[in-house]
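Here the structure comes first, spelled out in structure tokens, and everything after it is commentary.
Values quoted throughout were computed directly from the atomic coordinates according to the rules given, and no laboratory measurement underlies them. The structure presented is a predicted model; accordingly, all values stated were derived computationally and were not measured. FYI the Cβ positions are ideal-geometry reconstructions off the backbone, even for glycines, and counts take in every protein chain you see.
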Amino acid sequence: MDQNLDSKTQFLDKINYFYNRNKIKILFILITILILIISLAIFNQINERKNNLISEKYIKANVLLSANKIEDAKNIYEEIILSKNNFYSILALNTILEKELINDKNKIMNYFEVLEKTNLSSEQKDLINFKKALYFFKTADVKSGEELLKKLIDKNSRLKSLAQEIIVK
């Protein structure tokens, strides 16, 4: 029992000695960790606010579109695409293409380039390329559309079967 008490006392003495020798280092590490945690929380909060703002803009654009305020809706969709939001930018471009809000091929191609440069998952990039290929077919640029579809097929994308179907037709 005495030996057990001595070993506990020695252990506490070692910890106390270590703490006294390295007070500044320990304090610095703890403050650094605290600052990193606070910074991460602030960064996440800012991103969440941005995402909420963009989602509100998307809803507003949809409401404007349904109220036949096409020009205002188109401007908001363009703003959403240029925001490079991973989710709403793709939806905004899809709505522009589906509702034929913009007829300028160069502008549409620019939007595709903006989305391609965005940090998207592989599946999302494949979807963008698939939509781009369909847009090429729609604008009578069949060769470019086929090239994109062949890339999707060679890549063994989830959209491979759809791409093969379109090329066969």
Mind counting the residues in the stretch 83-108 that are exposed (fewer than 14 other Cβ atoms within 10 Å of the Cβ) and assigned to a helix (DSSP H, G or I)? 5
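Hey, among K132, K117, K60, which residue is within 30 Å of N47 (Cβ to Cβ) and touching a Phe, Trp or Tyr at 6+ places or on another chain (Cβ under 6 Å)?
On the way: K117 fails: touching a Phe, Trp or Tyr at 6+ places or on another chain (Cβ under 6 Å); K60 fails: touching a Phe, Trp or Tyr at 6+ places or on another chain (Cβ under 6 Å).
None of the others qualify; the one that does is K132.
Restricting attention to the stretch 24-43, does a residue exist that is of a type in the set (S, T, Y) and within 25 Å of Y135 (Cα to Cα)? Walk me through how you get there before you give the answer.
Step one: list which residues in the stretch 24-43 are of a type in the set (S, T, Y), which gives 32, 39.
Narrowing the set further to residues that are within 25 Å of Y135 (Cα to Cα) leaves none.
So far as the stretch 24-43 goes, no, none of its residues is of a type in the set (S, T, Y) and within 25 Å of Y135 (Cα to Cα).
Among the hydroxyl-bearing types (S, T, Y), out of contact with any strand residue (DSSP E or B) (no Cβ under 7 Å at 6 or more places or on another chain), assigned to a helix (DSSP H, G or I) and free of Cβ contacts under 8 Å to residues at least 24 places away in the same chain, is that true of Y19? Write out each step before concluding.
On the way: among the hydroxyl-bearing types (S, T, Y): yes; out of contact with any strand residue (DSSP E or B) (no Cβ under 7 Å at 6 or more places or on another chain): yes; assigned to a helix (DSSP H, G or I): yes; free of Cβ contacts under 8 Å to residues at least 24 places away in the same chain: yes.
Against the criterion (among the hydroxyl-bearing types (S, T, Y), out of contact with any strand residue (DSSP E or B) (no Cβ under 7 Å at 6 or more places or on another chain), assigned to a helix (DSSP H, G or I) and free of Cβ contacts under 8 Å to residues at least 24 places away in the same chain), Y19 qualifies.
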